[in-house]
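One structure below.
Derivation of every value follows stated rules applied to the coordinates shown; laboratory data play no part. Everything quoted here is computed from the prediction, not taken from an experiment. Methodologically, a virtual Cβ is constructed for each residue, glycine included, from the backbone with ideal geometry; neighbour enumeration extends over all protein chains shown.
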Amino acid sequence: MASNRHWTWFYRLGSPRWFYETTGRWLPWLWTLTLVLLTAGLVWGLGYAPQDAKQGNSFRIIYLHVPVSFLALAGYYLMAIAGAIGLIWKMKLSYMVMKSAAPIGAALTFLALFTGAVWGKPTWGTYWVWDARITSMLILLFLYLGVLALQYAFHSQESGNKASAILALVGTVNIPIIYKSVDWWYTLHQPATIKFTSAPSMHIDMFQPLLLMIVALYSFYALALILFTRAEILQRERKATWVCELALQAGKDSAGEAG
Amino acid sequence: MSNVGFTAYLKRDLLLSYRRLGEAASPLMFFLLVSILIPLGVSPDPGRLAELAPGMIWVMALLATLLSTEGLFATDHQDGSLEQMLIAPQLLALPVLGKVTAHWLMTGLPLTLVSPLIGLMLSLPSVAVVPMMASLAVGTACLSLIGAVGAALTVSLRKGGLLLSILVIPLYIPVIIFGSAAVQTAVDGFNWLGPLAILAAMLCAAIALCPLAIAGALRLVSSN
């Protein structure tokens, strides 16, 4: 019995309805937290942090670039773990989380590449170089797109779930290998033009807003993931009674407001 | 007893490709034809060709393997023999490994054997011929195994070919990096056994892990 009670929270997570209702209560708080953190971080980083000695103001894009790249990578692992939970415990909800994580992750990876290119122009004098980190991010983007494409290729939701979960897991095994080999490939080719001067020792005044932005982006990621998952839940459970009741209620509310 | 599935499927697939030799030869034809495009598209100058040859040969071998991967489980899925394989009371990874081995024997190995000819046409320095063959032999086996995971995932889709390449090419990247690195280091006059050893390590990992992923994918995806 004791071990049963221990696991109830985990089993409850498997219920989309429970997730929908609980996150519904969290959402206002999460919205507030995200907006406050993002505003504070952006204003601090873009307005008040000191200029970089060599790069001037252009370095400020770091406050978007670094947190976004962090989450792009972390998001892949979240997606793969959600997929693994789905495969092992056959939880509907974790497949929904996995499916929601894919487009968010792909968008963040694209944003990381885009901000990197924008930053690269004034700093390195070019939008694109075949640097190890940039190349790995590009590969990560294609890994995300692969999971996304596979998910939508199947007519049956079930097959799409399972197939993209397996692909996400295969990708997880491969990511360290891909990263190491791209790193090795890069050191072999040695284009010596790029030096990332300010990375290792960052002044504390520059570092604090960066830390705040990382926390803000994590909060934003959680918010986006929850919103995507909620939409996915409604879509997939549209025939369930509780969703129908929810829709009826929402219809009544808006009718009441209009009248 | 335990490896009955392996040898049975290896023999069966080799026999099937022997009876359809034209089909089995098409990756090889592709490899040869694309190598004609390079001097035509880039330059017939031996110096420039020699510079491009290590990478180009590897890219062409990769694409040739990729093209042939789509059919790995597709015909079995269409005629129902895949179902037979799935319901057989044995570890699914072994027949899967047998099929992939047969695939390598019919694509990777012939590619490796004709690669000196392509090397000659693209003026690859002669010191690099043995490293190229060794890296192709080990590397194409990796490519077959990784590609089979993609083929298993897309087996029940009607137009899986293009999707297969999207799924699999990112996973091919480590193989092509170390494969062409082995050839390139040999051209530069260094010891090329290092990259080859890493390729061999990748092959060991792929032999251990890929059949499990393929078996899982086949079971899950074809079950509904």
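Tabulated values for the structure
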read-out	value
Area projected by the alpha carbon convex hull of region A:38-94, averaged over all directions, nm²	5.2 nm²
Note, ³J(HN,Hα) from phi for region B:117-126, Karplus 6.51, -1.76, 1.60, rounded to Hz, x at Gly and Pro	4, 5, x, 4, 5, 9, 6, 6, x, 5
Chain B, relative contact order [Cα under 8 Å, separation at least 6], %	27 percent
P(r) histogram, all alpha-carbon pairs of region B:4-222 included - 10 Å bins from 0, percent	9, 34, 34, 17, 6, 1
Selected from B:LEU196, B:LEU66, B:LEU14 as most flexible by GNM, with chain B as the system and alpha-carbon contacts under 10 Å	B:LEU14
Nitroxide proxy distance, nm - points 7 Å out along Cα→Cβ at B:ALA50 and B:ALA208	4.1 nm
Kyte-Doolittle at least -0.5, axis length at least 20 Å by Cα - qualifying DSSP helices, chain A	A:16-43, A:62-89, A:92-124, A:132-153, A:157-189, A:204-236, A:241-258
Selected from B:SER115, B:SER17, B:SER180 as most flexible by GNM, with chain B as the system and alpha-carbon contacts under 10 Å	B:SER17
Dipole moment magnitude, nearest 20 debye, the protein assembly as shown about Cα centre, only Lys, Arg, Asp, Glu C-beta charged	820 debye
Given charges at Cβ of Lys, Arg, Asp, Glu: chain B dipole, positive-most of B:PRO116, B:PRO44, B:CYS210	B:CYS210
23 Å Cα-Cα reach of B:LYS11 towards lysines, excluding residues that sit fewer than 8 places from it in its own chain	B:LYS99
A:TYR48 paired with A:VAL173, simple spin-label distance in nm, labels 7 Å along Cα-to-beta-carbon	5.0 nm
Cα centroid separation, region B:27-100 to region B:184-224 (Å)	14 Å
Estimated FRET transfer efficiency when R0 is 35 angstrom, pair A:TRP26-A:ILE204 (beta carbons, to 0.05)	0.60
Per residue, the convex hull volume that the Cα atoms of chain A enclose (Å³)	187 Å³
Helix-only mean residue ellipticity at 222 nm for the protein assembly as shown, each DSSP H run of n ≥ 4 adding -39500 (n - 2.57), per residue, nearest 500	-28500 deg cm²/dmol
Nitroxide proxy distance, nm - points 7 Å out along Cα→Cβ at B:SER26 and A:GLU158	3.3 nm
Sorted by Cβ neighbour density within 10 Å, fewest at the top, the residues A:LYS99, A:LYS252, A:LYS239	A:LYS239, A:LYS252, A:LYS99
Among A:LEU223, A:TRP185, A:MET91 the positive-end extreme of the charge dipole of the protein assembly as shown (Cβ point charges)	A:MET91
Stretchable slack from A:TYR11 to A:LYS121, in nm (0.36 nm times residue separation minus alpha-carbon distance)	34.6 nm
Whether the protein assembly as shown is rounded, prolate or oblate, judged on the alpha carbon gyration tensor where a/c under 1.5 counts as rounded	oblate
Dipole moment magnitude, nearest 20 debye, region B:4-222 about Cα centre, only Lys, Arg, Asp, Glu C-beta charged	360 debye
